[in-house]
Amino acid sequence: MMKTQQEKTKIPKGKEKVWYRSWRMYQIRTSKAKLITKTTDAPRITIFRTSGACSAIFVIGGGIIINAHSTDCQIAVKMLLATYYVLDLNYPRMFAMVLGILQTFLFNDPYRMETSHQYKFFIKKVRKSFDAITE
């Protein structure tokens, strides 16, 4: 879903790296796991699974490691967005639109940076759907 929404709402300027290079999934043994990030890494969610179930979630990046103390992905997404707020960081260009959508609807705080026409259309469509549900 994240890939689909990002493709639909991205800003179509310049050359961009291939999407899947920034979102990676690794299968490693938890006992050998080390959460190490560079100071230049953007914050991201790291999920550990044990026997197919989520066992731990961290927000890592920029040399920081934050334990979510939860296995709820919704909490992890909110923590990720909060990390950008607290550290006063801009979203990575490649994911700015989808993170802006999440910011708008999870925190009720409109994304005020440059947005694409597709982003604006998508936001209006979702708001209309929410309005129809609440009536």
Practice item. Determine the gain in length on full extension of the stretch Arg127-Arg112; use 0.36 nm per residue of separation and subtract their C-alpha separation, reporting nm with one decimal. Key: 3.8 nm
Review point. Of all the accessible heavy-atom surface of the range 63-135, with the other protein chains kept in place and a 1.4 Å probe, what percent is carbon and sulfur?
Key: 58
**Study point:** Cross-link pairs beyond the 28 Å C-alpha cut-off, checked among Lys38/Lys120; Lys38/Lys125; Lys78/Lys120
**Key:** Lys38/Lys120; Lys38/Lys125
Review point. Say each of Ser70 and Lys38 gets a label point 7 Å from the Cα, pointing the same way as Cα to Cβ; how far apart are those two points in nm?
Key: 3.1
Practice item. Could you rank the peptides 102-108, 34-40 by their average count of other C-beta atoms within 10 Å per residue, with the highest value first? Key: 102-108, 34-40
Check your understanding: Check Tyr111: other-chain or 5+ apart residues with amide H under 5 Å from its amide H, H built from backbone geometry?
Key -> Thr104
Check your understanding: What FRET efficiency comes out for the pair Asn90/Phe48, r = Cβ-Cβ distance, R0 = 25 Å, nearest 0.05?
Key -> 0.35
Review point. Top to bottom by accessible area (1.4 Å), largest first, where do Lys128, Lys120 land?
Key: Lys128, Lys120
Check your understanding: Roughly how much of Val77 is accessible, in Å² to the nearest 10, using a 1.4 Å probe?
Key -> 40
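The values are calculated or read from the model by the stated rules, or taken from the named source; none is laboratory data. The structure presented is a predicted model; accordingly, all values stated were derived computationally and were not measured. FYI the Cβ positions are ideal-geometry reconstructions off the backbone, even for glycines, and counts take in every protein chain you see. These accessible areas exclude ligands, DNA and RNA; they are computed on the full protein's heavy atoms, side chains included. Shrake-Rupley method; radii C 1.70, N 1.55, O 1.52, S 1.80 Å.
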